[in-house]
1. When you look at ILE50, is it among the aliphatic types (A, V, I, L, M), under 18 Å from ASN102 (Cα atoms) and open to solvent by 10 Å² or more (accessible area, probe 1.4 Å), yes or no?
2. Looking at LEU224 and the list (1) open to solvent by 10 Å² or more (accessible area, probe 1.4 Å); (2) touching a residue at least 60 places away in the same chain (Cβ under 8 Å); (3) not small (Gly, Ala, Ser), which single condition is not satisfied?
3. Suppose the filter is surrounded by fewer than 23 Cβ atoms within 10 Å (Cβ to Cβ) and hydrophobic (A, V, I, L, M, F, W, C); does LEU191 pass it?
4. Going by the structure shown, is SER77 among the polar types (S, T, N, Q), in contact with a helix residue (DSSP H, G or I) (Cβ under 6 Å, 6 or more places away or on another chain) and either within 18 Å of HIS243 (Cα to Cα) or open to solvent by 40 Å² or more (accessible area, probe 1.4 Å) (or both)?
5. Being within 22 Å of LEU224 (Cβ to Cβ) and surrounded by fewer than 16 Cβ atoms within 10 Å (Cβ to Cβ) narrows it down to one residue among ALA122, ALA127, ALA96; which is it?
6. Please tell me if ASP104 is in contact with a Cys (Cβ under 6 Å, 6 or more places away or on another chain) and surrounded by 13 or more Cβ atoms within 10 Å (Cβ to Cβ).
7. For segment 190-243, enumerate the residues that are outside any loop (DSSP other than H, G, I, E, B), within 15 Å of the chain's Cα centre (by Cα) and within 21 Å of ILE13 (Cα to Cα).
8. Based on this model, can you work out whether PHE207 counts as under 17 Å from GLN240 (Cα atoms) and either open to solvent by 40 Å² or more (accessible area, probe 1.4 Å) or not β-branched (Val, Ile, Thr) (or both)?
Amino acid sequence: MKFLQQKTREGIILHRQEDFSKMARSGQVAAQILDDICDQVYPGKRTIEIDEFIETKIKEYGVQSATIGYRGYKHASCISVNHVVCHGIPSDKRLAKGDILNIDVTVIVDGWHGDSSRMYVAGKPKASALNLIKVTYDALMLGLEQIRPGNTFGDLGSAIQKYAQKHKMSIVRDFCGHGIGRVFHQEPNVLHFGVPRTGAVFQEGMFFTVEPMINLGKPNTRLLADGWTAVTQDRSLSAQFEHAVGVTSDGIEIFTESPAGKYFPTNFILE
């Protein structure tokens, strides 16, 4: 008899215990690639060259890119520079000194998706840009602290929203995290804003990404003509971090931790 995965009333899959190790393997490959590219980000570098390096690493590790061919997308990563909020397409444009960028990589390992993104800097950024990066990272981690059985997705979103607003920054509402596993995008939609004690209740076995996008200016975004690239309407800087996690009996397992502890970019800013 074929095993049927249990689902919540909201349609969120509750994975089995043995699935955690499978997600951890895929998450660690994605995280390793994000470690590998640290010394590839510097002024004068073309983002298409970074993407080509990522594709080479994916082949080297013997895994599959989840983004090449996804809805017609042609690259192994999304690289979002400065005011690009998400889904930036790698190009021949060269990074300038002080640019900040989010690099998002998703791989498939034995059918399971590992999805993560981090912020990088091309040389030393301005203080305001570095503060944006720090607030975004801290907001992500504060949100993750809310995830445990009995709490709700509203608790997660509220923690992120309150922290960003405390620092006079805004939460992007046009994009969200998502369920993940054997399918790239599935239930639930993970909002990075919300009201405490509302929304679906966390249950052991849920797998999803948390990936807040925070702007220095207003939260509004617009989609460029390429159909992928989202930018801030006011051209203010935007930052994002992403982890894929699984809900355990008393908290979470983060599948996409940096193997070398390079998750926060001040660990590897290049002068």
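The values are calculated or read from the model by the stated rules, or taken from the named source; none is laboratory data. Please read all numbers here as calculations on a predicted model, not as lab measurements. For neighbour counting, all protein chains shown are included, and Cβ atoms are generated from backbone atoms with ideal geometry for every residue, glycine included. All accessible areas refer to the heavy atoms of the entire protein, side chains included, with ligands and DNA or RNA removed. Shrake-Rupley method; radii C 1.70, N 1.55, O 1.52, S 1.80 Å.
1. When the stated conditions are applied, ILE50 does not pass them.
2. Here LEU224 meets the rest and fails (2).
3. Working: surrounded by fewer than 23 Cβ atoms within 10 Å (Cβ to Cβ): yes; hydrophobic (A, V, I, L, M, F, W, C): yes.
Judged against the criteria, LEU191 is a match.
4. For SER77, the condition - among the polar types (S, T, N, Q), in contact with a helix residue (DSSP H, G or I) (Cβ under 6 Å, 6 or more places away or on another chain) and either within 18 Å of HIS243 (Cα to Cα) or open to solvent by 40 Å² or more (accessible area, probe 1.4 Å) (or both) - is met.
5. Going through ALA122, ALA127, ALA96 in turn, the sole match is ALA96.
6. In short, yes.
7. Listed by number, the residues that qualify are VAL190, PHE207, PHE208, THR209, VAL210, GLU242, HIS243.
8. Considered against the rule, which asks whether it is under 17 Å from GLN240 (Cα atoms) and either open to solvent by 40 Å² or more (accessible area, probe 1.4 Å) or not β-branched (Val, Ile, Thr) (or both), PHE207 comes out as no.
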